[in-house]
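A short write-up of the structure that comes next.
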Amino acid sequence: MELSQQATGNKGPKEPFPISILSLTVGAFAIGMTEFVIMGILPNVADDLNVSIASAGQLITMYALGVAVGAPILTVLTHQIPQKKLLLLLMGLFILGNGVSVFAPNYAVLMGARMLTALTHGTFFGVGAVIASNLVRPDKRAGAVSIMMAGLTIANIIGVPIGTFIGQTMGWRASFGAIAIMGVIALIGILIFIPKIRQEQASSIAQQITALMKPGLLLFLLIGALGNAGLFAVFTYIAPLLIEITGFAEPSVTWILVLFGIGVTAGNIVGGRLADWKLLPSILGVYFTTAVILTIFTVTIYHPVTAVLTIVLWGAASFAVMPGMQVRVMSLAQSAPALASTASHSAGNLGNAAGAFIGGLVITHLSLTSLPWVGAALVGLAFILGGACYMYERKAAAAGA
């Protein structure tokens, strides 16, 4: 079965698309598990490999750097491989990386395995977003991307708690074994359900890099990084906020994070629909809403019920912007959509790291309660930059009319 690179018209095959996209969702779920489950089993890993918690924590840091730096490089080097074959290759490497993690005899081997799986992360989402958007009509692209991305958010609600439980009861290696099995399921789904896509002649490496260097695209990568920085400046320290400021007991934080994850999943789906309706206005509206919610959080954080409600809404708003940003970035680099989509994930991961770093500085030099204000300011800056870009494009369109 072959599909053209661009789906056109108001009608087209409908039955295969949900199944095809769901196979990408399963892959996203597995990747989400391998990224975040390490946080719940970090003490177990440290004890078993005889390293400090700080050293074990570098498994998280290096994974993020692997996504941020390595993924665009891998995307460029594999740009001539047909997209379905590339997805199969990426899932094969993902399975290999997690399989090595299961049997890693020491810290160095486990670090290498984590770096290998990190390379597959950004490239999978980059290529997967292009495939998902091309499996549906143009007016459904953001919705299709949001369905794929839902795997990442569902992983935080279901996959990570289950993976953590497996690791704590059966040993941390069993967690990576379960993730490898999920990778196999995703691989089979991609092999069976993803159609062969007839692609246009692949752009050269120079053309792809040139497409990525467009000022408008770089601006939106910066906007995405700022939005993620605002999210992680607060989310990284959500446990101490809830325990020390709101007054929750430590076990309650897990369930609050599950509620946060439910909000994230709902926001991701709704955000995809909004982006299909009005792309840039919806992105701006979501960023503005997120900044307002974080500002409100500075007050509601002191009351358990209002704090939880705010956190759920914040999770929904923070992730509602992501499908639209993916589609926006791909549309700004039409000759290199996969590289642009991968770069979007890289920028997001740099934003994650920057947000966590900024949050640490805020706690050190200001206070824990200042975090929501700082998060709101970072997201507000993303909104201002996006608004300026929107106004410029409207003026340019009016001048050209």
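The values are calculated or read from the model by the stated rules, or taken from the named source; none is laboratory data. Quantities reported herein were computed from a predicted structural model and do not represent experimental measurements. Cβ: placed from backbone, ideal geometry, glycine included. Neighbour counts: every protein chain shown. Heavy atoms of the whole protein, side chains included, go into the accessibility calculation; ligands, DNA and RNA do not. Shrake-Rupley method; radii C 1.70, N 1.55, O 1.52, S 1.80 Å.
See the values below:
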{"read-out": "Long-range neighbours under 8 Å by Cβ, at least six apart or interchain, first residue open to solvent by 60 Å² or more (accessible area, probe 1.4 Å) within segment 235-258, second in a loop (DSSP other than H, G, I, E, B)", "value": "I243/A249"}
{"read-out": "Qualifying residue in segment 325-344 (condition: part of a helix (DSSP H, G or I) and under 23 Å from L241 (Cα atoms))", "value": "no"}
{"read-out": "Failed item, numbered, when Y302 is tested on (1) among the aromatic types (F, W, Y); (2) assigned to a helix (DSSP H, G or I); (3) farther than 15 Å from I283 by Cβ", "value": "(2)"}
{"read-out": "Some residue of segment 68-75 being polar (S, T, N, Q), part of a helix (DSSP H, G or I), open to solvent by less than 10 Å² (accessible area, probe 1.4 Å) and in the same structural domain as A46 (by the TED database)", "value": "yes"}
{"read-out": "Counted residues, segment 267-318 - those being aromatic (F, W, Y), open to solvent by 50 Å² or more (accessible area, probe 1.4 Å) and touching a Phe, Trp or Tyr at 6+ places or on another chain (Cβ under 7 Å)", "value": "1"}
{"read-out": "Close pairs (7 angstrom Cβ cut-off, 6 or more residues apart or separate chains): in contact (Cβ under 8 Å) with a residue 60 or more places away in the chain in segment 140-152, outside any helix (DSSP H, G or I) anywhere", "value": "A144/L135; A144/V136"}
{"read-out": "Residue count, segment 103-132 (criterion: touching a Gly at 6+ places or on another chain (Cβ under 8 Å) and open to solvent by 30 Å² or more (accessible area, probe 1.4 Å))", "value": "3"}
{"read-out": "Residue in segment 355-370 that is in contact (Cβ under 8 Å) with a residue 40 or more places away in the chain, assigned to a loop (DSSP other than H, G, I, E, B) and surrounded by fewer than 19 Cβ atoms within 10 Å (Cβ to Cβ) present", "value": "no"}
{"read-out": "Residue check for I162: part of a helix (DSSP H, G or I), over 25 Å from T75 (Cα atoms), free of Cβ contacts under 8 Å to residues at least 60 places away in the same chain and open to solvent by 10 Å² or more (accessible area, probe 1.4 Å)", "value": "yes"}
